[in-house]
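The values are calculated or read from the model by the stated rules, or taken from the named source; none is laboratory data. For clarity, every value in this text was computed on a predicted model and none was experimentally measured. All Cβ positions, even for glycine, are placed from backbone atoms using ideal geometry, and neighbour counts span all protein chains on display.
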Amino acid sequence: MPTDRVLRSALIGALSVLAFGCQAKSPLAEPGANKRSDGQLRTVVVGEELPLVKKTDAGFDGLSFVFIEAIRDQLSHTDGKEMAIQTIPVKTLRDAQSLLEEGKADLACGVDFSWERQTLLDYTLPFATTGIRLLAPKGNDGTPDSLQGKTIGVVQDSVAASVLANNLETATFKFFSSPSTALEALKDGTIEILGGDSLWLQASRERAAAKNDLVPNQPYARTSVACVVAEGDASLLDAGNLAIGRVLQDYVDGDQAVRKEINSWIGPGSAVGLSVDDIAHYYSVVLATVTEFQQDTDRSN
C-alpha cells in the first residue's frame, strides 16, 4: 500500500485535471433528453474487475454501482418517475465508448480520465483516483533499472500498456486480451510481473499474487476515475454531478451508511485497504477543487 504522503500527493495531482474536464464544456444539445423516457438508465458495465465492478447472482455490484445507483435515484427525483438501471456488459472501454457515441447507452462509470476520451465524452466529478503501477516479486522495486530485461504483462490497448511502454524501453511486454486473462497468467506463473491500474492490482493481489508487492511507491502516471456520458447530454451530466457530489459530501460528513458502502470496496477491511481519513481527504479535495473552479469561472463571465 502507498504511504499517506504518497497517496495524498497523488490525489491532488490527479484531481485538478479531471475537475477541469468535467466542468469546461458547454453542451450545445440534449441528445439524451428523450432516451430515458422509458424509465431505463442504460448503463455500460466494463468487465468484472474489482473494486469497481463485481458480478453477482443478482447482476452487478462494486464501487461504480454505489454511484450508478445514486445517479439513478437523482434522475428519479428530478424527473418525478422511477428509473431502473439496465446494464449492458462489455469487455473494453472502446466498446463502452462506441455505445455511448452511437446513442445506444447513457452512462458508463469507473472510467479513468484521458484527454483523448474527454474530447468525445463528458466526464462527471471523480469518485476515485488511481495510478499505473506493477505487481512484482519481492525485491523488485518497480523502477526502470529493476525492470530492465524483464517481461511485464499488460492488458492490450490499455492506458497502462501505453504508459509503461513509454517509461520502460528496456522491458519486454506480453499482451493479454482482458484483465481476467492477465490475472490468470500471473496466478499460474505464466508471467511474474503485471502492470496496470493500482486499484485493480491491489484489489486482485491476494487472489492472484499474494507474495508480490505493489510497486513503485510513486506511480508511473496518475489519473482520476469517474463516470462518462455522451457529449452534450447536459441533463444526465448535471444529475450525475449532483448525485456524486452528494455521496462524496455524505462520506466527508460521516454518514455511516455511505461510509459503510464505500469502505466495503476501497476502505478499511477491503482488499484495497485505504483509511477513512484518506478517502475523506480525497473527497474533500474533489469538492473543494470543483467549487473553486466554478467560482473562478463565475467571476470571469
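In region 37-150, counting only strands (runs of 3 or more DSSP E) that sit wholly within it, the ones holding 2 or more residues that are touching a strand residue (DSSP E or B) at 6+ places or on another chain (Cβ under 8 Å) and either within 19 Å of Val229 (Cβ to Cβ) or of a type in the set (S, T, N, Q) (or both) span 40-46, 84-90, 107-112, 121-123, 128-136. Each residue in region 192-218 was checked for being outside any strand (DSSP E or B) and out of contact with any Ser or Thr (no Cβ under 6 Å at 6 or more places or on another chain), and 16 pass.
Among the residues in region 89-101, are any modelled with pLDDT under 90 and either acidic (Asp, Glu) or touching a Cys at 6+ places or on another chain (Cβ under 8 Å) (or both)? Scanning region 89-101, I find no residue that is modelled with pLDDT under 90 and either acidic (Asp, Glu) or touching a Cys at 6+ places or on another chain (Cβ under 8 Å) (or both), so the answer is no. Does any residue of region 11-33 turn out to be modelled with pLDDT of 85 or more, surrounded by 15 or more Cβ atoms within 10 Å (Cβ to Cβ) and within 14 Å of Val229 (Cβ to Cβ)? Looking through region 11-33, none of the residues is modelled with pLDDT of 85 or more, surrounded by 15 or more Cβ atoms within 10 Å (Cβ to Cβ) and within 14 Å of Val229 (Cβ to Cβ). For Val290, state whether it is among the aliphatic types (A, V, I, L, M), crowded, with 20+ Cβ neighbours inside 10 Å and over 27 Å from Gly47 (Cα atoms). Considered against the rule, which asks whether it is among the aliphatic types (A, V, I, L, M), crowded, with 20+ Cβ neighbours inside 10 Å and over 27 Å from Gly47 (Cα atoms), Val290 comes out as yes. Of all the listed residues (Thr170, Thr151), the sole one being exposed (fewer than 15 other Cβ atoms within 10 Å of the Cβ) and touching a Gly at 6+ places or on another chain (Cβ under 7 Å) is Thr170.
Please verify whether Asp141 is crowded, with 17+ Cβ neighbours inside 10 Å, touching a Pro at 6+ places or on another chain (Cβ under 8 Å) and acidic (Asp, Glu), treating the condition exactly as stated. Spelling it out, it is not the case that Asp141 is crowded, with 17+ Cβ neighbours inside 10 Å, touching a Pro at 6+ places or on another chain (Cβ under 8 Å) and acidic (Asp, Glu).
Of all residues assigned to region 67-78, at least one qualifies as being at pLDDT 90 or above, buried (at least 23 other Cβ atoms within 10 Å of the Cβ) and either not assigned by TED's automatic domain parsing to the domain that holds Val229 or not aliphatic (A, V, I, L, M) (or both).
Output the residue which, of all residues in region 262-277 that are part of a helix (DSSP H, G or I) and surrounded by fewer than 18 Cβ atoms within 10 Å (Cβ to Cβ), is nearest to the chain's Cα centre (by Cα).
The initial filter retains those residues of region 262-277 that are part of a helix (DSSP H, G or I), namely 262-266, 276-277.
Next, from what is left, pick out any that are surrounded by fewer than 18 Cβ atoms within 10 Å (Cβ to Cβ): 264, 276-277.
Values: Ser264: 16, Val276: 18, Asp277: 20 Å.
Among residues in region 262-277 that are part of a helix (DSSP H, G or I) and surrounded by fewer than 18 Cβ atoms within 10 Å (Cβ to Cβ), the one nearest to the chain's Cα centre (by Cα) is Ser264.
Taking region 39-52 as the range and being closer than 14 Å to Ser264 by Cβ and of a type in the set (A, V, I, L, M) as the test, the residues that pass are Leu50, Leu52. Take Val159 and tell me if it is modelled with pLDDT under 95 and touching a Phe, Trp or Tyr at 6+ places or on another chain (Cβ under 7 Å). Here the answer is no, as Val159 does not meet what is asked.
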